[in-house]
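Peer 1: Got a structure here, written out as structure tokens. Questions coming.
The values are calculated or read from the model by the stated rules, or taken from the named source; none is laboratory data. All values reported here derive from a predicted model rather than from experimental measurement. Cβ sites come from the backbone with ideal geometry, for glycine too, and all protein chains shown count toward neighbours.
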Amino acid sequence: MTDKTDVPETVPLEEIDLSDPDAFAERVPHEWFRTLRREDPVHFNPEPDGPGFWAVTRYEDIREVHRQWDIYSSEVGGTSLEDLEPDQIEARKSMIDLDPPRHDEIRRLIKSRFAPRAVKEWEDQVRGVTQQVLDVALPKGEFDFVREVSSEIPMQVFAEILGIPQEERRYIIELGDHLLGGQDPEYAQAYEDHAHRLLPFSSPAALEMFEFGRKIAEERRHDQKDDIITQLAFGGLTQREYDVNFVLLATAGNETTRHTITHGLLALMEYPDQLERLRNDPDLFSSATEEMLRWATPVHHFRRTTTCGTELEGTEIPAGAKVTTWFTSGNHDETVFENPAAFDIGREPSRHVGHMTFGPGGKHFCLGAHLARLEVRVVFEELLKRAAEFELTGPPERLRSNFFNGIKRLPVRVKA
Ligand code: HEM
């Protein structure tokens, strides 16, 4: 890991380029965000092969953008920085890339399934999956924590909740992996494939995921269950809407939860005093989960497109502009978080409500937030019960991406 003392407090504005994934390859450039929050909170960032985008970095401004969904649209240009053609945007529109009213209609179909009370009922299943995964991984002693633990759990939980049989789980997990990955050269090839431009992530794996989703829907036609798939499949969606929303559900909680768990363990290894504190006080698991979420901020930003000319922090933004909101920066805003650079598993609950890892609130607030919280808490409860010591055996390998704050590999030694 980079020695934090080498990092400057701020940098000249002209050195900042948030479009460059290399800037995120070694670590999150927090000094850039600090500079932007202080000096240019609504900053225009040119792009080498695009129109450029506005970067919003202060906590309150990010909230404002997400609150005003009619000015800052998710539907006009999608939610990713990449500029898609209108037919691509249209073909890929899951609820995350829609504005009201259609967004609300689709979300309403399944939102009760993700409410705190409903999610609480999955706790035993999540714990069961976690125990199985740890039973396989921990006896190995030395292993890649991402491969063996943090990538396994979210997809296993997803498969469990959807009632996917054990023998098909490996397949859906691998499909999920192929769909994601983005700018990292290790996974990039799908993105250059023109033939699949109308598919989510421009990836042929999306077609297989569609097929898989249709197969489960077909099963429900004969054997209706009181579950998410039945609600989504028979809720009046078009085939395309069902397909893309199935892919959204299969992918949204995958890498995000994985990276939170990985960063969580890494943080506990880097801050042994916090690990000790957690071991001594199990009441802290919930607040530790919130701090891991803030610390990890697995999704750096999302994008909106302005539907009219507007103004934010005194800066004029024209109609049709790309506007990005940087949750990473909001989560380190010193006007909201005291000493934001400290990993403190006991941050006061009133402040926890405030992290924006799941978005800052508003129409698109993460549907899976309670499920993700449950997973992270249960993983660390079970892990700390079983393991006495953790040690890095090599450097963590980061994902090269300005979208995901990801770790690809975390080589560890774990002693029972
Ligand atoms: C640590 C894990 C996770 C993180 C960091 C995360 C983050 C996010 C963020 C930042 C958004 C957009 C918020 C906005 O625009 O205001 C979002 C939306 C969403 N997330 Fe998550 N997420 C996580 C886990 C999950 C899980 C487990 C699921 C469940 C399947 C899920 C399903 C969704 C869905 C369906 C949306 C779109 C909601 C909408 O457009 O109304 N997420 N998530």
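Peer 1: Do you know which of the residues in segment 150-187 that are of a type in the set (S, T, N, Q) and either within 16 Å of the ligand (Cβ to nearest atom) or assigned to a helix (DSSP H, G or I) (or both) is modelled with the highest pLDDT? So that I can check it myself, show each step before the final result.
Peer 2: Residues of segment 150-187 of a type in the set (S, T, N, Q): 150-151, 156, 166, 183.
Going one step further and asking which of them are either within 16 Å of the ligand (Cβ to nearest atom) or assigned to a helix (DSSP H, G or I) (or both), we end up with 150-151, 156, 166.
Working: Ser150: 95, Ser151: 91, Gln156: 90, Gln166: 73.
Top of the filtered list is Ser150.
Peer 1: If Glu121 satisfies all but one of (1) within 16 Å of the ligand (Cβ to nearest atom); (2) acidic (Asp, Glu); (3) closer than 24 Å to Met209 by Cα, what's the number of the condition it fails?
Peer 2: Here Glu121 meets the rest and fails (3).
Peer 1: Shifting gears a bit: Going by what's in this entry, would Ile89 be described as more than 19 Å from the chain's Cα centre (by Cα) and assigned to a helix (DSSP H, G or I)?
Peer 2: Values: more than 19 Å from the chain's Cα centre (by Cα): yes; assigned to a helix (DSSP H, G or I): yes.
Here the answer is yes, as Ile89 does meet what is asked.
Peer 1: Taking the conditions exactly as written (more than 16 Å from Arg377 (Cβ to Cβ) and at pLDDT below 95), does Gln88 satisfy them or not? Spell out the reasoning first.
Peer 2: Details: more than 16 Å from Arg377 (Cβ to Cβ): yes; at pLDDT below 95: yes.
So Gln88 passes the test.
Peer 1: Still on this model: Conditions first: (1) away from the ligand (no atom under 16 Å from the Cβ); (2) closer than 30 Å to Pro100 by Cβ; (3) not hydrophobic (A, V, I, L, M, F, W, C). Glu334 passes all but one, so which condition is the exception?
Peer 2: For Glu334, the failing item is (2).
Peer 1: Continuing with this model, one more query. Taking the conditions exactly as written (within 26 Å of Pro21 (Cβ to Cβ) and acidic (Asp, Glu)), does Asp281 satisfy them or not? Before the answer, list the steps.
Peer 2: Working: within 26 Å of Pro21 (Cβ to Cβ): no; acidic (Asp, Glu): yes.
Here the answer is no, as Asp281 does not meet what is asked.
Peer 1: Residue check: is Asp243 away from the ligand (no atom under 14 Å from the Cβ), surrounded by fewer than 17 Cβ atoms within 10 Å (Cβ to Cβ) and not polar (S, T, N, Q)? Full working, then the answer.
Peer 2: On the way: away from the ligand (no atom under 14 Å from the Cβ): yes; surrounded by fewer than 17 Cβ atoms within 10 Å (Cβ to Cβ): no; not polar (S, T, N, Q): yes.
Considered against the rule, which asks whether it is away from the ligand (no atom under 14 Å from the Cβ), surrounded by fewer than 17 Cβ atoms within 10 Å (Cβ to Cβ) and not polar (S, T, N, Q), Asp243 comes out as no.
Peer 1: Out of (1) within 16 Å of the chain's Cα centre (by Cα); (2) within 10 Å of the ligand (Cβ to nearest atom), the odd one out for Arg304 is which?
Peer 2: Here Arg304 clears every test but (1).
Peer 1: Cβ contacts < 8 Å: first residue at negative phi and among the acidic types (Asp, Glu), restricted to segment 108-125; second residue part of a helix (DSSP H, G or I) and within 10 Å of the ligand (Cβ to nearest atom), any location; separation 6+ or different chain. Result?
Peer 2: Listed pairs, sorted by first residue: Glu123/Leu374.
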